[in-house]
Amino acid sequence: ALIDLTVKERIISWDLTATNLVQSGVKVDQGENIVIEFILTDLAEPPGQQAITGATILLTLGSDEYPLVEKVNGTYTYTLTTGSIDTFFAAKVLTGEFTITKEDYIKISIPITIVVDMTEIFPGFPMFYFLMIVGSIAAVAGSLVIYRVIQQRRIPTFVKKVRSMKKNIKGKKNIPNSLLYPSKEQFIVKKFGDKWGKLGLSIEEILGIKGKVKKEKRPEDKIKKIKLDEKKIKKEKLKQDKLEKKKLEDNEVPKEKGEDE
């Protein structure tokens, strides 16, 4: 007599729990750990003997494999860390699968998708966007400060002094002497600085105020310079006119001699 014997592989019943698991997907913030737990049972066994021990469960993400460890009979766990996953610029999506194998049992593959959100500085607020906003504010503030400094430097000194005096008058404060007239040392430098310079001496160093006194052109000095420039231009023009007139006279003299002959 012939006996045809077929041995069928048994079916593994499984139950998966994980941090923030919804259907076949897990979503966590960067740095948050994902705790994974599988419970394997054989429903064909009598109650109390249904736990499947000695099975191999692997979590595969790309080229990386993470084996789950059996802690209790039929219970397998693994903690996946996300601290090393770079999500500074954008969230990271990891797709993979769980593979369950055991001798005499049908192999099982379970797909899984893990979404690791961007690094957060506050709950619900990614650090990247925070740095972008802060950087933009700093850039605008820096530009305004630079613009303000440039505008202040363009204002003549005497205008600044007038504004300062006006402010003191409105506030009913005493006007500092420095706003009314220069100090004795400043006056000496302005009056005799050039003459001492011709002798190769620095009156600023002698008075101990080098670098503290800035020579300023007085309004009358500016007017005087403009007048001197105008006189110089007129003088040059007169000189040019005389030269042209002389050339014309020199050209007319030979003509007159020719007519007399």
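In degrees from 0 to 90, rounded to the nearest 10, what is the angle of the helix 219-260 Cα long axis to the longest principal axis of the chain? The two axes meet at around 60 degrees. Exposure proxy shown here: for E32, E205, the number of other Cβ atoms within 10 Å sets the order, fewest to most, as E205, E32. Taking amide H positions as modeled 1.01 Å from N, with prolines and chain starts lacking one, the residues under 5 Å from L94 and 5 or more places away or on another chain are I114, V115, V116.
Charge dipole (Cα centre; +1 on Lys/Arg Cβ, -1 on Asp/Glu Cβ; no other charges) of the range 13-118 amounts to roughly 100 debye.
Which order do Y129, Y105 fall in if you start with the one that has the fewest other Cβ atoms within 10 Å?
In order of increasing Cβ crowding within 10 Å: Y129, Y105.
With the convex hull drawn around the C-alpha atoms of the range 62-179, the volume per residue stands at 213 Å³. Mind checking which of L16, I233, Q49 is farthest towards the positive end of the chain's charge dipole, using Cβ charges of +1 (Lys, Arg) and -1 (Asp, Glu) about the Cα centre? Of the options given, the answer is I233. The residue list V26, Y78, S109 was ranked by how far each Cα lies along the charge dipole of the chain toward its positive end, using unit charges on Cβ atoms, and V26 comes out on top.
Close amide H contacts of D29 (hydrogens built in the peptide plane, cut-off under 5 Å, sequence separation of 5 or more or a different chain): D117. Starting from a Cα-only point model with no solvent, please compute log10 I(q)/I(0) by Debye for the chain at q = 0.07, 0.11, 0.13, 0.18 1/Å. Calculated log10 I(q)/I(0) at the listed q: -0.64, -0.89, -1.04, -1.35. Each Lys and Arg adds +1 at its Cβ and each Asp and Glu adds -1 at its Cβ; summed about the Cα centre, the chain shows a dipole of about 5220 debye. Please check: in the Gaussian network model of the chain (C-alpha springs, under 10 Å), which one of K170, K107, K27 has the largest mean-square fluctuation. With Cα springs under 10 Å in the chain, the top fluctuation among K170, K107, K27 is at K170.
For the range 13-118, what D do you get in µm² per second when you plug the Kirkwood radius from alpha-carbon pairs into Stokes-Einstein at 4 °C and 1.567 mPa s? It comes out at roughly 88 µm²/s. Modelled this way, with points 7 Å down the Cα-to-C-beta line, the labels at S13 and K170 are 8.6 nm from one another. Quick check on the range 1-41: take the gyration tensor over C-alpha atoms, sort the square-rooted eigenvalues as a ≥ b ≥ c, and tell me if it's rounded (a/c under 1.5), prolate or oblate. Verdict is prolate for the range 1-41.
Please order I133, I12, I3 by the number of other Cβ within 10 Å, starting at the fewest. Write out the running numbers ahead of the final one.
Details: I133 11, I12 19, I3 4.
Lowest to highest Cβ neighbour count: I3, I133, I12.
Each value in this text was obtained by applying a stated rule to the coordinates, not by laboratory testing. Everything quoted here is computed from the prediction, not taken from an experiment. Glycine gets a Cβ as well: all are built from the backbone with ideal geometry, and neighbour counts include every protein chain shown.
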